[in-house]
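Novice: One structure coming up, written as C-alpha cells, with questions to follow.
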Amino acid sequence: MAKKVLVTYTTKYGSTREVAESIGKLLKEKYFDVEILPMKEVKDLGDYDAVIIGAPLYAGSLLPDTGKFFTRFQSVLEKIPSALFILGPLNDTADEIRGAQVQLDANMKKFAWYRPAAQKLFAGALRLEKLRFPDSLIKLYRSSKEKPMRSSDNRDWKAIQTWASTLPAVLHLKTTKKEQA
C-alpha cells in the first residue's frame, strides 16, 4: 500500500499553491497517495505518513496561517517526517536568498521545536497587477526611474522538481513505485 502524504500550503496570490501542486503531482505520479490542501482546510494529520508544508514570505514575515498550522499540529509535526518549502525572494541572487533566509530564520524562532527533514527556499513570482493594498506599495519602495519594478516569475521549476524528487529519501518513506504496486 502506498504511503499517504499531505502537501499543504498557504498563499496570498497563488504562487505558493502552484508550487505545492507541482510537488504534489510529482510525488503522486511516482510514489505516494498525495492530498494537496490549503492549511486552513486541514482538519487532522493522523492519516498521513508525512507532511510537506509550503508558505511564502511577505515583507519579511510568514503568513499568519503558517503559524496557526504549526501551533495547531505541533504534537503531530514533532512525530512524523515533514519538509518545508518557502517562496520568498523576488529573484535568486545570492543577496536576495541570503536576506530571505535571515527573515525565515527569524520567523522560525517562534517554532524552535519544528525540525523539518528538509527545508528549501525558492525565488517566487511577483504579479504586480494582482497586488492589493498594502502589498501594492512595493512598487513605491522597490522601484526607481532607472529601474522600474516589473512583474516577474523567478520560480525555478527544475529546481523545485529536483527538490521534490529527493523528498521520499529525505523523509525516510519507503517508496513503492505506484505502477508496480
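Listed here are the residues, each with its yes/no results for (1) modelled with pLDDT under 95; (2) part of a helix (DSSP H, G or I).
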site: GLY54; (1), (2): no, no
site: LEU84; (1), (2): no, no
site: GLU96; (1), (2): yes, yes
site: LYS109; (1), (2): no, yes
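Novice: Name, by its number, the condition in (1) part of a strand (DSSP E or B); (2) in contact with a helix residue (DSSP H, G or I) (Cβ under 8 Å, 6 or more places away or on another chain) that does not hold for LYS68.
Specialist: Among (1) part of a strand (DSSP E or B); (2) in contact with a helix residue (DSSP H, G or I) (Cβ under 8 Å, 6 or more places away or on another chain), LYS68 violates only (1).
Novice: Report yes if LEU37 is out of contact with any Gly (no Cβ under 8 Å at 6 or more places or on another chain) and farther than 23 Å from ARG155 by Cβ, otherwise no. Step through it out loud before you land on a result.
Specialist: On the way: out of contact with any Gly (no Cβ under 8 Å at 6 or more places or on another chain): yes; farther than 23 Å from ARG155 by Cβ: no.
Criteria not met by LEU37.
Novice: Here's a follow-up. Being in a strand (DSSP E or B), touching a strand residue (DSSP E or B) at 6+ places or on another chain (Cβ under 9 Å) and at pLDDT 95 or above: is that true of THR8 here? Spell out how you get there, then give the answer.
Specialist: Numbers: in a strand (DSSP E or B): yes; touching a strand residue (DSSP E or B) at 6+ places or on another chain (Cβ under 9 Å): yes; at pLDDT 95 or above: yes.
Considered against the rule, which asks whether it is in a strand (DSSP E or B), touching a strand residue (DSSP E or B) at 6+ places or on another chain (Cβ under 9 Å) and at pLDDT 95 or above, THR8 comes out as yes.
Novice: Which residue is farthest from ALA50 (Cα to Cα), if the candidates are limited to region 1-39 and must be among the β-branched types (Val, Ile, Thr) and touching a residue at least 40 places away in the same chain (Cβ under 8 Å)?
Specialist: For region 1-39, the residue satisfying everything is THR11.
Novice: Quick one: in region 19-52, of everything that is part of a helix (DSSP H, G or I) and touching a strand residue (DSSP E or B) at 6+ places or on another chain (Cβ under 7 Å), which residue is farthest from PHE122 (Cα to Cα)?
Specialist: LYS28
Novice: Do you know which residues across region 1-35 are among the aliphatic types (A, V, I, L, M) and farther than 19 Å from ALA118 by Cα?
Specialist: MET1, ALA2
Novice: Another question about this same structure. Just the residues that are of a type in the set (Lys, Arg) and either farther than 22 Å from GLY24 by Cβ or over 16 Å from the mean Cα position of the chain (by Cα) (or both), please, taken from region 55-80.
Specialist: ARG72, LYS79
Novice: Now for a different question. Looking for something farther than 20 Å from ALA159 by Cβ, polar (S, T, N, Q) and surrounded by 18 or more Cβ atoms within 10 Å (Cβ to Cβ) - is there at least one such residue anywhere in region 63-76?
Specialist: For region 63-76, residues farther than 20 Å from ALA159 by Cβ, polar (S, T, N, Q) and surrounded by 18 or more Cβ atoms within 10 Å (Cβ to Cβ): present.
Novice: Let me ask something else about it. What are the pairs, 6+ residues apart or on separate chains, where a residue within region 48-64 that is more than 15 Å from LYS110 (Cα to Cα) has its Cβ under 6 Å from a residue that is charged (D, E, K, R)?
Specialist: Partner pairs satisfying both residue conditions: TYR48/LYS4; ASP49/LYS3; ASP49/LYS4.
Novice: Looking only at region 81-127, which residues are under 16 Å from the mean Cα position of the chain (by Cα), without any contact (Cβ under 8 Å) to a residue 24 or more places away in the chain and farther than 25 Å from SER165 by Cβ?
Specialist: Matches in region 81-127: ASP105 only.
The values are calculated or read from the model by the stated rules, or taken from the named source; none is laboratory data. Since this is a predicted model, take the numbers as computed values, not measurements. Because the Cβ atoms are built from the backbone with ideal geometry, glycine has one as well, and the counts that use them run over all protein chains shown.
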